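The values are calculated or read from the model by the stated rules, or taken from the named source; none is laboratory data. Worth saying up front: this structure is predicted, and the values here are computed from it rather than measured. Cβ sites come from the backbone with ideal geometry, for glycine too, and all protein chains shown count toward neighbours.
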Amino acid sequence: MTASINRRKFLGAATAGAGTFGASRAFASDAIQWKMVTSWPKNSPGVGMTAQRLADRINAMSAGRLTIKLYAAGELVSPLQVLDAVSNNTADMGHTASFFWQGKMPAAAYFTAVPFGMTASEHSAWVLHGGGQELWDELYSGFGVKPLMAGNTGTGMGGWFKKELRNLDDIKGLKYRIPGLGGEILKRLGGTPVSIPPGEIFSSLKSGVVDGAEFLGPWSDLAFGFYKVAPYYYWPGFHEPNGSAECLINSESFAALPEDLKAIVENACAAENAFGLAETTWRNAQALPTLIEKHNVTVRQFPTDVLDAAREESVKVLERFASGSDIEKRIHDSYENARAMAIAFSSVSTQAFLNARKG
């Protein structure tokens, strides 16, 4: 009797085990594998680390049902071909910044940074609650791509320069690495904006291809070693009050996912958006004293006449969107309305508090 019972238990366990093994094999074979391309050197502090964490979050949250293989800048496509790669299905995902696509769709720059525009929290409020996401989706729909916020480097610094900037005249003829709408302002001030991928900034500064360059903030800039070839570090980053990174997803790939995996991708992006901003805020505050005290970097405020002229020209740069295509005008108007609201409220909230805290 006992032997018979034990034999039945063994056979039952073996059958269950075989079923589990078969399910496991089926589960593994059904797993979806995506490629992600980025505009960043692999695991570079800030955006590079954000991209890797985003892939890791999706892998973990989906329990392996959706796995993301990350290809850093240049490993599969060049850093400035991420949009094309996701659009033509060379990759299913990309991690990049919207201002790189200004030549293809000028209003894309609004979704990373607008000179003298909104801060990170204000920008997120516009995208999530003020209609920004819907306009972003519409703008990118022609490329067959779904965009999402996925990381933020906060307010940027003004950048690195080989020589001191004393006044507006020193901007004239200056070759400066600066993307997006900030580059248009520089051009109006008499400088020459140069488009260079992040991984090539140091060599371009060192060789003299550019006289100055901006990237992100102290943490990332320290890691890239810009202080070794350009000792003057300027603030504020008027061209980049917000540094929103974007996750690009091929629309067909996204539509093919079951609903729970779509939610995982969206929530992983949202989690990394918040985590990345907090990380950068903390690390920048740690890195700035290191640059000053250990590496003897000279930190200066942009001359007043430079800031005044840049602010004046920024109005003209943005005005052209108001008279542009239908989608450009709607993005411009929506953003400007959100910025006006943010400025009005900030005057009695965040800005008022910061002024009071400083004393």
Exercise. Applying the selection to the stretch 87-110, what residues are farther than 17 Å from residue 184 by Cα and more than 16 Å from the chain's Cα centre (by Cα)?
Worked result: 87, 88, 89, 90, 91, 92
Exercise. For residue 60, all conditions in the list (1) surrounded by fewer than 19 Cβ atoms within 10 Å (Cβ to Cβ); (2) assigned to a loop (DSSP other than H, G, I, E, B) hold save one; what is the number of the exception?
Worked result: (2)
For this session: Say whether the condition of being surrounded by fewer than 21 Cβ atoms within 10 Å (Cβ to Cβ), in a strand (DSSP E or B), over 20 Å from the mean Cα position of the chain (by Cα) and charged (D, E, K, R) is met by at least one residue in the stretch 164-171.
Result: no
Exercise. Is there any pair with a first residue in the stretch 44-55 that is outside the structural domain of residue 199 (by TED's automatic domain parsing) and a second that is of a type in the set (S, T, N, Q) and assigned to a helix (DSSP H, G or I) whose Cβ atoms are under 6 Å apart and which are 6 or more apart or on different chains, and what are they?
Worked result: 45/220; 46/220; 46/280
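Of the residues 78, 39, 4, only one is modelled with pLDDT of 95 or more and surrounded by fewer than 20 Cβ atoms within 10 Å (Cβ to Cβ); which?
Working: 39 fails: surrounded by fewer than 20 Cβ atoms within 10 Å (Cβ to Cβ); 4 fails: modelled with pLDDT of 95 or more.
Testing whether each residue is modelled with pLDDT of 95 or more and surrounded by fewer than 20 Cβ atoms within 10 Å (Cβ to Cβ) leaves just 78.
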For this session: Six or more apart or on different chains, Cβ under 8 Å: which pairs go from a residue in the stretch 64-78 that's over 11 Å from residue 39 (Cβ atoms) and part of a loop (DSSP other than H, G, I, E, B) to one that's hydroxyl-bearing (Ser, Thr, Tyr) and at pLDDT 95 or above? Could you list them?
Result: 76/90
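So is residue 180 surrounded by 16 or more Cβ atoms within 10 Å (Cβ to Cβ) and modelled with pLDDT under 95 or not? Talk me through it step by step, then tell me what you get.
On the way: surrounded by 16 or more Cβ atoms within 10 Å (Cβ to Cβ): yes; modelled with pLDDT under 95: yes.
Yes, satisfied.
Please find, among 131, 156, 191, the residue that is within 25 Å of residue 337 (Cα to Cα), surrounded by 18 or more Cβ atoms within 10 Å (Cβ to Cβ) and of a type outside the set (S, T, N, Q). Write out each step before concluding.
On the way: 131 fails: surrounded by 18 or more Cβ atoms within 10 Å (Cβ to Cβ); 191 fails: within 25 Å of residue 337 (Cα to Cα).
Of the residues listed, the single one that is within 25 Å of residue 337 (Cα to Cα), surrounded by 18 or more Cβ atoms within 10 Å (Cβ to Cβ) and of a type outside the set (S, T, N, Q) is 156.
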For this session: Quickly run through the stretch 198-219 and pick out the residues that are assigned to a helix (DSSP H, G or I) and either of a type in the set (A, V, I, L, M, F, W, C) or over 19 Å from residue 298 (Cβ atoms) (or both).
Result: 198, 199, 200, 201, 202, 203, 204, 205, 207, 219
Exercise. Given (1) under 30 Å from residue 334 (Cα atoms); (2) basic (Lys, Arg); (3) touching a residue at least 40 places away in the same chain (Cβ under 8 Å), where does residue 320 come up short, assuming only one miss?
Worked result: (3)
Problem set entry | the stretch 160-175 residues that are touching a residue at least 60 places away in the same chain (Cβ under 8 Å), paired with ones that are outside any loop (DSSP other than H, G, I, E, B) and loosely packed, with under 12 Cβ neighbours inside 10 Å (beta carbon under 9 Å, 6 or more apart) | 167/304
For this session: Collect the residues in the stretch 117-128 that are in a loop (DSSP other than H, G, I, E, B) and either surrounded by 21 or more Cβ atoms within 10 Å (Cβ to Cβ) or in contact with an Asp or Glu (Cβ under 9 Å, 6 or more places away or on another chain) (or both), keeping them in residue-number order.
Result: 117, 118
Seminar exercise, completed: Reported set for the stretch 79-102 where residues are in contact (Cβ under 8 Å) with a residue 12 or more places away in the chain, over 10 Å from residue 38 (Cα atoms) and of a type in the set (S, T, N, Q) is 87, 89, 90, 98, 102
